[in-house]
Each structure stands twice: as structure tokens, then as C-alpha cells.
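The values are calculated or read from the model by the stated rules, or taken from the named source; none is laboratory data. Remember, predicted model here, so these are calculated numbers, not experimental data. Positions of Cβ are generated from backbone atoms using ideal geometry, with glycine treated the same way; all protein chains shown enter the neighbour counts. These area figures cover heavy atoms from the full protein model, side chains too; ligands, DNA and RNA do not enter into them. Shrake-Rupley method; radii C 1.70, N 1.55, O 1.52, S 1.80 Å.
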Amino acid sequence: MLRLRRVPRSLAALLLATALLGAGFNAGADETCNSPYLGNLIKGQEDYVYVWTLGVQGLGDGSDKLVTIDVNPASKKYGKVINSVSVGARGEAHHMGFTDDRRHLWAGGLSDSRIYVFDVGSNPAKPKLSKTITNLPEKTGYVGPHTFYAMPGRMLVGTLSNARDKGGVTGLALFNNKGDLISKYDIPTDNGGDGYGYDIGINPSKNLLLTSSFTGYNNYMRDLGEVVGDAEAMKKFGNTMVLWDLKAMKPKKVLSVPGAPLEIRWSLKEGENWAVVATALTSKIWLIREGANGDWEARDVATIGDPSKIPLPVDISITRDGKGLWVNTFMDGKTRYFDLSNPEAPKQTYEKVTGKQVNMVSQSWDGKRVYVTSSLLEKWDKKGADNEQFLRAFSWDGNELKPVFEVDFTREKLGRAHHMKFGSKSMKSAFDDADLPGEVAVAR
């Protein structure tokens, strides 16, 4: 007989994380920068897409905001904006990530270094801003919070720059889920390290954490044309990835991966222990895996488009079975699909122009839908008619991306559409069985 007992919410989060550890992280399709500690909480049909959106002066209230779009085909509001939460400031909204129980969504600004925590569990259709963290630079010396990566009861934040000279040397900041800073970790500048940061990817079974590298505030806050035309600025992009001991949070090895390696995707197939990353400046796919001697290595295994034209790969999303990879390239507006059946030799099998400029790509949890957004950075986005700002949804039958709906963020006066995460009505119901404040019901 199934019986319920009440436990504090904080303990419930720990129990959820422990259950995931025992379940082997049976993750669904990658929805962009997912932590393995969220694996068993992403099933079935997503009900909402949350879009972290850059404010545009003179457009609506001009502030960054979290926009909620209804994406359940059974809903009368399918494909429509149903909620928007403004943060009252414009700070170069960029990436976001769920806490380990998916009850809260952390989102950051690259220019003001603020971190916003949204409650998405109480009412997934209408998130609320519950906390703002304003002291990251003072507490850590880092600026530009980029990646928000869930750990059991913790949030690991990868940053892009530092408060001293606004260059690319930076680090990782570890918070508890309440928003209190626990510790900081500098990205190494010795043994081949350049100190640059960007994404985070964890493989718990191997006790490994990977970090990648981009560029600092002085570059990402400049016009893209100016940066490309400045020889000295172009030297200030990351060319490394760092392999960390996860439990000790200490660097183990620096890998040479030239050309600004961005998003990291570990294979989601159980038992596989390799990851891929795309390099923005050299348009390559790199494979990170353990060699025969037990040493980890990085190898260039595929080319994306024509590197001489700098298509600028900006986001990747790996399939649930680890056999496919979606790649978005900003400059040519293309979404490509690579067959990863042999990760040593990925092969492009499909491509489609999905916008005049494209950035993030996310698969639905069942892999049958693909979502694309448009904005890269305020000063890197294209100008004039090419400055499309949207969320576009496509169906995917294994052969063709077919348009399903589009939200025009400029027409809706929302801003520049950047990062996406998925919401579900089930997350609310899962925590609503308890009738006492601060408690949840768990089975035993």
C-alpha cells in the first residue's frame, strides 16, 4: 500500500536528487544546458516555453523579462504569449537554469551581473520573481553570470568575465538554492589554461565536470563588427576546456580546443561517457572522451558549414539516444542536424534556414519538436530587416523541420528572444499533495 509522509521542502529536493542518482539520469531530449540532476523530471509533453528576453529601449517597458508561451497543442492559447515578468532593468539577459527540483529558475544578466530567481513551481503558467542577487561581483570578483547548472541542493554558476579588468579570466560560483554564496573556484591560468569560462557539463558517473571558454566583457559588450575588425580583440577568445574533479572541485587537466568552445553536451545515453562541443570561431565539432590509457582527450571530429565564411555555431542540442545533434549557426540562419551514430565521425544529414539570424535550439522532451530563438547579444545581433526577433516552433519527423507556430517578439513589444526552458503543469501538481506550509508529500 502506498503511504504518504510529510517532509520539509528542502529535504524533498534532496530526496529527488538522490532518486535521480539511483535512476541513472534517464534524461529526455536536451532542452539546452540541462543538468543530469534534472533527468527524471522531464517527461511527456511540455506545456510552456519560458524565454529569457533582452529588453530593447523604446519597445514595451524596455526591460529584460521572462516570457511564458503556451506550447501545449490541446490548449486554446497554443502558440501564444500567456505571461511576462519584467525585472525592471536592462542588463543583457542571457542564460538561465532550473534548480534541481525544477521549482525555481535562475536567470542572469551579462552586463549588470544580476541574478534573478523566478518561482516557476507555484504556478508554472505564471512565474513570479522571488529573489534578486546583486552582489556577485563584490562576493566573487566575477562578472557576467552565464550558465546556471543544477546540483543537489546547489546552483553552480559559470561566469564570463571579472570585475578587475573586464577580461576573460573568470571562474565558477557555487550557491545554495536559497541564493547564498558557498564558494568560488577560479578557472586555471596555469598548465595551459587561459582562465576563460562559458558553459558547464557534468558527468556524475565519472566524477567529472567540464568547462568551456568564450570571451570577456570588453568583447561581448562591443559591436560584433568592431570586435572582428580588431586584431587584438580577436586574440582574447578562449581556446581551452578544463576537466575538473567534480567532488573536489579541482582542475585535473586543461584541454586545448581552439576557437571559442561553447555549449557542452554529454551523451544522454546511459553508459556512454563522451561529450561534444562546437567552436564558434573555427566552426568545428570536438569530441571529448576517455582514451584507451584512461586519459581524457579532445579531438576535432567534424566541420560545420564553411569555416571560411564564419557561420558562427552558437548552440547545440543532443538527442536522447546520443545519436543526433542539432546545431544552430547565427550568421547564415541555419539549423543543422548531425548523425552522431559514430561520435568519432559526425555527419551532417539535414539543414534548413530557420531565420535571418538564429541562436538557441531546444528539442521537446519527446524529440518530436524543435524550438529556435533569434538573439545572440544586443550588440552582436544583425541590423535592419535581418534583426528578426522570434521564437519559432517546428515539428520533426526525422526527415524534415515543418513550421508549427511563431511568436514575433518585436511585434509583441517584448524584446530580443534568447534562452529557452520548458515548463510543465505536472510540476505544480507533484508538490501540491501536502496540506502544510513548507512541506511536500512523498511516497514510502
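Remarks
- Positions within the stretch 32-62 being of a type in the set (S, T, N, Q), open to solvent by less than 10 Å² (accessible area, probe 1.4 Å) and at pLDDT 95 or above, in sequence order: T53
- Wholly within the stretch 154-263, helices (runs of 4 or more DSSP H) carrying at least 2 residues that are among the small types (G, A, S): 231-234
- The stretch 379-404, residues that are part of a strand (DSSP E or B) and loosely packed, with under 15 Cβ neighbours inside 10 Å: S395, K402, P403
- Within the option set V169, V120, being of a type outside the set (G, A, S), over 20 Å from N219 (Cβ atoms) and crowded, with 18+ Cβ neighbours inside 10 Å holds for one residue only, V120.
- Residue that is least open to solvent (accessible area, probe 1.4 Å), among those in the stretch 335-369 that are of a type in the set (A, V, I, L, M, F, W, C), in a strand (DSSP E or B) and more than 18 Å from R416 (Cβ to Cβ): F338
- Residues of the stretch 254-295 satisfying the condition of being more than 22 Å from the chain's Cα centre (by Cα) and free of Cβ contacts under 8 Å to residues at least 60 places away in the same chain: G271, G291, A292, N293, G294, D295
- Scanning the stretch 72-107 for residues that are crowded, with 23+ Cβ neighbours inside 10 Å and of a type in the set (S, T, N, Q) returns a single hit, T99.
One line per residue, one yes/no per condition, for (1) within 15 Å of W266 (Cα to Cα); (2) small (G, A, S):
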site: D306; (1), (2): no, no
site: K309; (1), (2): no, no
site: T319; (1), (2): yes, no
site: Y337; (1), (2): no, no
site: L340; (1), (2): yes, no
site: A345; (1), (2): no, yes
site: M360; (1), (2): no, no
site: W365; (1), (2): no, no
site: Y371; (1), (2): no, no
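- Members of the stretch 204-255 that are more than 29 Å from F175 (Cα to Cα) and open to solvent by 40 Å² or more (accessible area, probe 1.4 Å): R222, D223, G225, E226, V228, G229, D230, A231, E232, M234, K235
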